[in-house]
Amino acid sequence: MERILEGNSRGLDIDNFESVPMRNPQLEDLRLEAMRIGRPPEEWGQLGEEEKDQLREIIRRLRAVGIPEDLFSDRGNEPPQKRDLF
């Protein structure tokens, strides 16, 4: 999410963020909250500072929750990669 906000996304970062739900309900709620801010993720670079600050706060809250073993619902037993969340 942070890479998307900073304009440094790569590969399927945006597609995964938009379409892959997280198993952890708390993380999924934060992902959906971020999706409701202003513009779609591919346009986050065009957000105003207030909206960017809202996303930064969500990123802070995501980090506070931590990265569980079953981060994404379609990953099965594959261990999550920190880059997948941030």
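The values are calculated or read from the model by the stated rules, or taken from the named source; none is laboratory data. Quick caveat, the model's predicted, so the values are computed rather than measured. Ideal geometry is used to build each Cβ from the backbone, glycine not excepted, and the neighbour counts take in all protein chains shown.
From the list Glu50, Glu33, Glu43, which one is within 12 Å of the chain's Cα centre (by Cα) and modelled with pLDDT of 85 or more? Only one candidate passes the filter, namely Glu33.
Residues in segment 1-49 that are assigned to a helix (DSSP H, G or I) and of a type outside the set (Lys, Arg): 28 in all. Residues of segment 12-26 include none that is at pLDDT below 95, in contact with a Leu (Cβ under 9 Å, 6 or more places away or on another chain) and under 11 Å from Glu2 (Cα atoms). None of Gly38, Gly66 is at pLDDT below 90 and surrounded by 14 or more Cβ atoms within 10 Å (Cβ to Cβ) except Gly38.
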